[in-house]
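Presented below is the structure to which this report refers.
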Amino acid sequence: MVDCRTVTKLIRLDPEELRQITDSARRAGLTPARFIRESALGAAPKARVRAAMAPVFHELARIGRSLDQLARCAQASHDAALAAQTRAALERHQALVRHLVQGHRQKGGSTP
């Protein structure tokens, strides 16, 4: 069974301190409360690659879906040259995504 945190402690911060803590917590992929708690207990929260890379992976997924739709439309149009170019662009995109994911996993990250 997980111990529940039942005790609260109010701390006062000036706006700049709160901004710095919030920014550092976001870079580490943590809530400000968890960031403060881990820092106070001796942990050294670091920016997490997963948190930093999530927007990149989401955008690559969006681009891949668009390329796939274009490839299907090109195939349906019976324009062989356009279909081949679109399929080649999709294959290059997929190769890039595989390369990025593999490098990300080797650095200890996990994909979103």
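Please work out if Thr86 is without any contact (Cβ under 8 Å) to a residue 12 or more places away in the chain and part of a helix (DSSP H, G or I). Here the answer is no, as Thr86 does not meet what is asked. For region 2-42, the candidate set comprises residues that are hydrophobic (A, V, I, L, M, F, W, C) and in a loop (DSSP other than H, G, I, E, B); within that set, the residue that is surrounded by the most Cβ atoms within 10 Å (Cβ to Cβ) is Leu30. Filtered by the rule that a residue be over 23 Å from the mean Cα position of the chain (by Cα) and either under 30 Å from Arg26 (Cβ atoms) or in a helix (DSSP H, G or I) (or both), region 54-83 gives Gln69, Leu70, Ala71, Arg72, Cys73, Ala74, Gln75, Ala76, Ala80, Ala81, Leu82, Ala83. Residues of region 43-53 that are surrounded by 14 or more Cβ atoms within 10 Å (Cβ to Cβ) and either modelled with pLDDT of 90 or more or outside any helix (DSSP H, G or I) (or both): Pro45, Arg48.
The values are calculated or read from the model by the stated rules, or taken from the named source; none is laboratory data. If you're wondering where the values come from, they're calculated on a predicted model, not measured in any experiment. Glycine gets a Cβ as well: all are built from the backbone with ideal geometry, and neighbour counts include every protein chain shown.
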